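Heads up, the thing below is written out as structure tokens.
The values are calculated or read from the model by the stated rules, or taken from the named source; none is laboratory data. Everything numeric in this text was worked out from a predicted model, so none of it was measured. For neighbour counting, all protein chains shown are included, and Cβ atoms are generated from backbone atoms with ideal geometry for every residue, glycine included. Accessible surface is based on the protein model in full, side chains and every heavy atom, while ligands, DNA and RNA are left aside. Shrake-Rupley method; radii C 1.70, N 1.55, O 1.52, S 1.80 Å.
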Amino acid sequence: MDKQSTVVFRNVGQLYFPQTRVECHYSLAPGHQWSSSDWIGIFEMGWSSLKQYHTYTWALVPEGYAKGTCVDCCANFQASYLPRPSAAEFQFVYVNKMGTVCAWSRPFTFSAPKPLEELETLKEDQEEEDGEEELLLVVPRAQLLQSQLEESLKRQADLQRSFERANKEAERERESSKRARVEWESERDAMKEEITELRGNVRHSCELLKKLEGKHQDVKYSEENLNSELSQLLAEKAENQQLARDLEENIKALTDRETEANKELERLKERVKKMSSQMKHDEEQRKALQVETEASAAEVRGLQERLEAADLVSEALRRELRELGARQSHTHAELHQARLQVAQLTLQLSDQDLLLREERANSALEREAYKHAAEIDKKKLHDLSCELRKKEEWLQEERMERDNLEAELGKEKVLLSDAKRDFQELRAHLRKVQKEREEEELHKQDVVSYIHHLEQKLGIGPETKPDSFVSSCSSPDSSSEQADEASSVSARSVSSPLFPSAHREDRDEPAFGSQ
């Protein structure tokens with residue numbers, strides 16, 4: 001049996017019959033990298049190339065094969081593909097997927113069985129209806145040996161599998177025994193710990209019993225003292241209830257003050273609304289001022305007076321708001337004092353609760369009732385404080401509205417200042433217009449004097465205007481002469497520096513003449 005690399009051929013015979021199937025047995029070592037593309041070929045001795053194989057089959061492995069393990073395998077060559085009987089020698093060759101030769105077997109030959117020397121006789125029993133009869137079978141010795149070899153190999157494989165199963169079962173039993181032992185040890189340790197813990201609990205319970213007995217004796221001795229302290233606490237409870245009633249009265253007084261402050265804020269809102277309506281009215285009057293320019297000065301004075309009155313009202317509002325702020329700060333101080341008293345009361349109640357916890361059952365029931373009443377009082381005080389907080393938030397919103405109103409008043413003041421500036425500009429414009437009118441009047445007077453001057457030069461008087469028109473119509477020569485003289489006079493007047501705008505008035509001269 002030859003060995004090459006990690007593949008070993010096993011049980012290779014010296015002679016095979018081509019009329020029967022040939023089985024090739026081989027083993028794969030753990031270092032072999034098996035692939036489904038590995039194959040085994042039958043080559044004639046003296047081969048030089050992998051293409052010179054006579055036949056081949058794929059190298060198969062059993063099911064459940066894992067790489068890196070040692071396994072026995074078997075490949076079958078069918079009789080129809082085997083070489084004919086001859087004296088030539090052949091060998092098995094194992095080739096992997098890379099085309100590398102991993103192993104080859106020793107040489108063997110294919111020959112036909114001899115007639116008598118290689119035959120064996122077998123007896124076979126056959127059942128019939130009447131009885132049993134023995135049959136004689138004549139088979140080749142090689143075939144008999146081959147079948148016996150196959151049976152022995154199968155038995156060996158079965159024994160190998162059973163041995164592996166037995167090893168696996170023994171390994172599982174060893175592992176299970178180890179796990180059981182570990183679990184038993186862990187349970188034993190846990191039981192030891194529980195025993196020590198129970199012993200410690202017993203000792204602790206004994207100590208607690210001794211302490212409880214001592215406390216019971218102390219309770220018996222201090223029962224009388226607790227009764228006296230309970231009477232004192234009841235008296236203090238009555239005092240605290242009276243104090244709580246006083247606090248409720250103070251809170252009612254504070255709420256009354258707060259309602260008064262709210263009413264004052266409402267009155268301030270109404271005043272602000274009136275001021276806003278007055279400002280709107282003043283705005284309408286300001287718009288009317290732009291139409292009638294003559295009465296603007298008086299209305300502006302009225303607006304100034306109203307503005308001064310608005311300033312006085314706003315100053316009064318500020319004083320009232322400051323007074324409200326002072327009242328609110330006083331209210332906050334009283335509320336803080338009430339809260340401090342409530343806190344002191346709760347501290348006293350908590351101290352009393354801690355002292356009464358060590359009393360007997362009857363004193364515990366009384367303490368619970370007292371605690372419940374104190375919690376009810378505390379809840380009432382908490383609700384009152386929440387209401388006061390809401391009122392404070394509402395007052396803060398009212399302050400914000402007041403600030404917004406003051407901002408609006410500031411805007412109105414700005415608008416009034418803009419109105420004053422517009423009025424001053426309007427006044428300046430009026431002065432300018434009056435000055436332009438005076439200049440126009442002076443210019444008209446110059447034009448009239450110039451017309452009178454022309455009439456005097458032309459000899460046209462106010463009483464002789466109709467005759468002059470008649471004469472101009474009757475005598476064309478005189479009218480042409482007069483026209484020439486008028487044109488010369490008008491030319492001189494145009495060039496005269498005393499009448500800079502005379503050329504503009506010459507176009508209107510016929511209109512003046514017609515008048």
Hey, D246 hits all of (1) open to solvent by less than 60 Å² (accessible area, probe 1.4 Å); (2) modelled with pLDDT under 85 but one; which does it fall short on?
(2)
Restricting to the range 340-369, count the residues that are aliphatic (A, V, I, L, M), under 46 Å from the mean Cα position of the chain (by Cα) and open to solvent by 80 Å² or more (accessible area, probe 1.4 Å).
1
Among the candidates L135, L159, L116, L144, residue that is over 60 Å from the mean Cα position of the chain (by Cα) and modelled with pLDDT of 85 or more:
L159
Being surrounded by 15 or more Cβ atoms within 10 Å (Cβ to Cβ) and either free of Cβ contacts under 8 Å to residues at least 60 places away in the same chain or not in a helix (DSSP H, G or I) (or both) is the filter here; which residues of the range 296-316 pass it?
E299, R306, V313
Yes or no: K457 assigned to a helix (DSSP H, G or I), open to solvent by 80 Å² or more (accessible area, probe 1.4 Å), within 30 Å of Q241 (Cα to Cα) and not aliphatic (A, V, I, L, M)?
no
Hits in the range 39-62 - residues which are open to solvent by 80 Å² or more (accessible area, probe 1.4 Å) and under 15 Å from S27 (Cα atoms):
W58, L60
Flag if V22 is among the β-branched types (V, I, T) and over 30 Å from Q148 (Cβ atoms):
no
(1) out of contact with any helix residue (DSSP H, G or I) (no Cβ under 6 Å at 6 or more places or on another chain); (2) closer than 30 Å to L384 by Cα all hold for L233 apart from (1)
For the range 46-54, state whether one or more residues are closer than 30 Å to D158 by Cα and in contact (Cβ under 8 Å) with a residue 12 or more places away in the chain.
no
